[in-house]
Structure formats: structure tokens, C-alpha cells
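Below is one structure, written out as C-alpha cells, with a few remarks after it.
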Amino acid sequence: METTNLPINFLHYHAEPPPMRKLELECQIANPTQCDICILDAWVEVETLNGLKLAEGKLFKAMYNKVDPAIIPLGEKGLGSFNIQLPAQALHDIEERRVDGDVKLIFSSRVLVAKVNKVNDIKILEIPFEMFFGNSGNGRFEYLIPQSEWIKLLKNLHWSELELLELPASRLRIIPVLARSFSRFEDAQNCFRQLDWEETMLNCRKAFEAIVQDVSGVSDMRKSREVIISLVGEGDKAKRINELAKSLSNFLHLGRHENPPNISIKRSDAELALHLTGALLSYLGQQ
């Protein structure tokens, strides 16, 4: 063999939502050798940001037309796909490391290939040998998913930063006085995925403002106590819930852009804002 590499060209990708939750990357595999080949097996490792290992194993699947032999003729290209399972913990780890927004996948591979020979018009496989996917001799290659595309993938994967908090989303959307608030909360999650911590907090605050405005009919946060009473009823509970909402609103106000220089909004601040806002929305949606 004059080469040990099988060049890869990615075509497109597909996100499979739960319960499978995986990323499927379809690709073309070139055959640069001087013979027809058959890919018998492949062992692939996938890493991402700062050495985070996402998956390892038989992640590659060769794809052929059912009417054709399962070979890649010399000088031509075959199809295949990489299937990467993405459980909640993997997505959480990626999001914590995604500082510049993009996600780079780094593949390592060992591919078992057999040369296809023709004897008396019968195709036979010769003794298998090992090759690599990609153009480098060490079997490593990369694929970059830009932030804008990664955010779309997160939505298709049904990923939420609140994986441990079950929001009654369908119920919140159909309650007139909470529907717009829930939309602002979704805006906050989108800002979080774009690594915009201040806008995350501001949209969480807008979620509470929307509740007050849609219930009371006026844009006056001083009406918050009356609004809470109308949602949960009279009594000490309404008073405490209102105090909680006001305290959270004050915290969320730190996201405003005219903050003093000594106040820095970090990822942990935005994550706390999402969890607390989501919890309160979930509570109000169940009253």
C-alpha cells in the first residue's frame, strides 16, 4: 500500500433528540489506494475542548447502496457516518468549557481494511490491514462546529441548562398570563448558550416583569404583591413568595450594562439566575 490514510470529507450532521440523544456526522471517505477496498471495522475516539473525551468505540458505520457490493472502488468515494452519544453530563461538560463559542471535535481512528481482488470474475477479500481516517499519519483529524450551528444542535438535542429541573413547559405556554414570561425565559436560555451572561440575567428579570404586566395590565413592579396574591391566593405564603421574587429580581438587576466596573457577571451568576427563575416559574405554573 502506498498510503495509510483514508481522507475524510464531512457532508452534514444530524442531531437525534432524547431518548437516544446523539450527534450523527455523515461523511465521504476517499479511496486513494491503487485497488478496491472494503472497510471491515473501525475504532474511533472523539475528544473536544481541552481534552474532554466524548466517546470511544465502534462509532463509525460504513454506508453502501443495497444493490452494490460493500466496497469503495479505487479512486472513488464511499459514504459513512460517525455516531456520537451525547448524554446530559457530556453536554454539560462541553458547555462549561465552550469559552470562545465554537466546538472542535478531534477524532482518532484505527481502521481495518481489506483489499478487494478479482479472481475469475469473483471478488475476494485479501488479508486485512490497518489504515487511518484523515490526512495525517497518526489517524487524527478535526471538525469544527461554529457557535451558531452548535446552538441549533443544542435545540435539536432538546438540551436545557436545567436538566435537573422539570419545567411544565406545555402548561406554562397555554396559561395566558405566563406564556410571555416563559418566552422571555427561553430567551434567557438562548443567551446562556451564546455565552452572554448579562443578557441571560436581564431576560430572566424580563420574565418577572412580563408576569406583573400581563396579570396587572400595567408595567409597574410595585404591583408584584397583588400579582402574586392573584396567582397563589391571600396569606403569608403569598407574602413570602413575593419577597423571594423581589430579592431575585434585585439580583437579576445586576445584569444591567451600566454596572460599576467592580461588578463582573460570570457564568455561575447566569446559571444561578436560570435555575432560580426556572424554579419560580415552575412553581407559579402549578398553582
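The values are calculated or read from the model by the stated rules, or taken from the named source; none is laboratory data. What you see is a predicted model, and the numbers here were worked out from it, not measured in a lab. So basically every Cβ, Gly included, is an ideal-geometry build from the backbone, and we count neighbours across all protein chains shown.
Here are the numbers:
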read-out	value
Subset of segment 25-51 (residues that are under 14 Å from residue 63 (Cβ atoms), in contact (Cβ under 8 Å) with a residue 60 or more places away in the chain and out of contact with any Gly (no Cβ under 6 Å at 6 or more places or on another chain))	25, 38, 39, 42
Tally of residues being in contact with a strand residue (DSSP E or B) (Cβ under 7 Å, 6 or more places away or on another chain) and in a helix (DSSP H, G or I) across segment 142-162	3
Among the candidates 223, 206, residue that is closer than 15 Å to residue 249 by Cα, out of contact with any Lys or Arg (no Cβ under 9 Å at 6 or more places or on another chain) and free of Cβ contacts under 8 Å to residues at least 40 places away in the same chain	223
Residue match in segment 72-82 (condition: part of a loop (DSSP other than H, G, I, E, B), acidic (Asp, Glu) and without any contact (Cβ under 8 Å) to a residue 24 or more places away in the chain)	no
Residues of segment 91-105 satisfying the condition of being surrounded by fewer than 18 Cβ atoms within 10 Å (Cβ to Cβ) and not in a loop (DSSP other than H, G, I, E, B)	92, 93, 96, 97, 104
Yes/no for residue 68 being out of contact with any Phe, Trp or Tyr (no Cβ under 8 Å at 6 or more places or on another chain), surrounded by 17 or more Cβ atoms within 10 Å (Cβ to Cβ) and among the charged types (D, E, K, R)	no
Criterion (surrounded by 17 or more Cβ atoms within 10 Å (Cβ to Cβ) and over 22 Å from residue 137 (Cα atoms)) met by exactly one of 6, 86	86
Scope segment 16-28; condition at pLDDT below 95, surrounded by 15 or more Cβ atoms within 10 Å (Cβ to Cβ) and not basic (Lys, Arg); matching residues	16
Candidate set from segment 72-126 (those that are more than 34 Å from the chain's Cα centre (by Cα) and among the β-branched types (Val, Ile, Thr)); member that is farthest from residue 23 (Cα to Cα)	119
Residue pairs meeting the criteria (Cβ under 7 Å; at least 6 apart or on separate chains; first over 14 Å from residue 16 (Cα atoms), in segment 148-163; second part of a loop (DSSP other than H, G, I, E, B) and modelled with pLDDT of 85 or more)	151/194
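The rows are residues; the columns are (1) of a type outside the set (A, V, I, L, M); (2) touching a helix residue (DSSP H, G or I) at 6+ places or on another chain (Cβ under 9 Å); (3) assigned by TED's automatic domain parsing to the domain that holds residue 192.
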| position | (1), (2), (3) |
| --- | --- |
| 49 | no, yes, no |
| 58 | yes, no, no |
| 66 | yes, no, no |
| 69 | yes, no, no |
| 74 | no, no, no |
| 85 | yes, no, no |
| 89 | yes, no, no |
| 92 | yes, no, no |
| 97 | yes, yes, no |
